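Right, one structure below, let's go through it.
The values are calculated or read from the model by the stated rules, or taken from the named source; none is laboratory data. Predicted, not measured: the structure shown is a model, and the values here were computed from it. With ideal geometry, Cβ positions are generated from the backbone for all residues, glycine too; neighbour counts draw on all protein chains shown. Only protein heavy atoms, including side chains, enter the accessible area calculation; ligands, DNA and RNA are left aside. Shrake-Rupley method; radii C 1.70, N 1.55, O 1.52, S 1.80 Å.
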Amino acid sequence: MEQLSDSDHRDSADATTSSCQSTTAEDGQCGGGGEAMARGLSAMLESVIKDFDSKALDTLNSQDELSGSLDRLVQELDQLLENAPLPFIVQHASRISSVKQRVSSLNLVLKSVQRRIDNIDHMLSANTTQEKASSETT
């Protein structure tokens, strides 16, 4: 998957803008119409969304690994508590359980964000496909 830097996104936006410098006062549209600008904007947004999607997926995988490690640690602490229920251990076990709950809720938020990004990407893809089909028929 190709990753574009911020400067690449700006360059593609500048290229889209500069291609529209031939706008005339009468038609108010960019060169051959607003379609080229819309396609350029759509392509730029698609790459940005894919970049965010990739980073969100990496974060989600990392959070899943962290959650698994915390689960293992909580199990080990539970075994420790059974063998030696010291107040010090109980306090740390409580803290770790609290962190585990926060990580779990963060995972739910990340999954929700991932679904939203997927929906946006799907809508953009469908819109781009529909625009291509309508421009080919005209």
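Numbers below:
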item: Cβ pairs under 6 Å, 6+ apart, first in the stretch 85-108 and under 20 Å from S62 (Cβ atoms), second open to solvent by less than 70 Å² (accessible area, probe 1.4 Å) and not aliphatic (A, V, I, L, M); result: V103/S67; N107/Q63
item: Selection count, the stretch 54-80, where residues are open to solvent by 40 Å² or more (accessible area, probe 1.4 Å) and either touching a Ser or Thr at 6+ places or on another chain (Cβ under 6 Å) or not small (G, A, S) (or both); result: 16
item: Conditions (1) at pLDDT below 85; (2) within 34 Å of the chain's Cα centre (by Cα); (3) open to solvent by 70 Å² or more (accessible area, probe 1.4 Å); number of the one not met by G34; result: (3)
item: Residue match in the stretch 85-104 (condition: assigned to a loop (DSSP other than H, G, I, E, B) and modelled with pLDDT under 85); result: yes
item: Matching option when the condition is more than 30 Å from G40 (Cβ to Cβ), open to solvent by 40 Å² or more (accessible area, probe 1.4 Å) and either touching a helix residue (DSSP H, G or I) at 6+ places or on another chain (Cβ under 6 Å) or of a type in the set (G, A, S) (or both), among S134, S104; result: S104
item: Selection status of S54, of a type in the set (G, A, S), modelled with pLDDT of 85 or more and closer than 20 Å to V113 by Cβ; result: yes
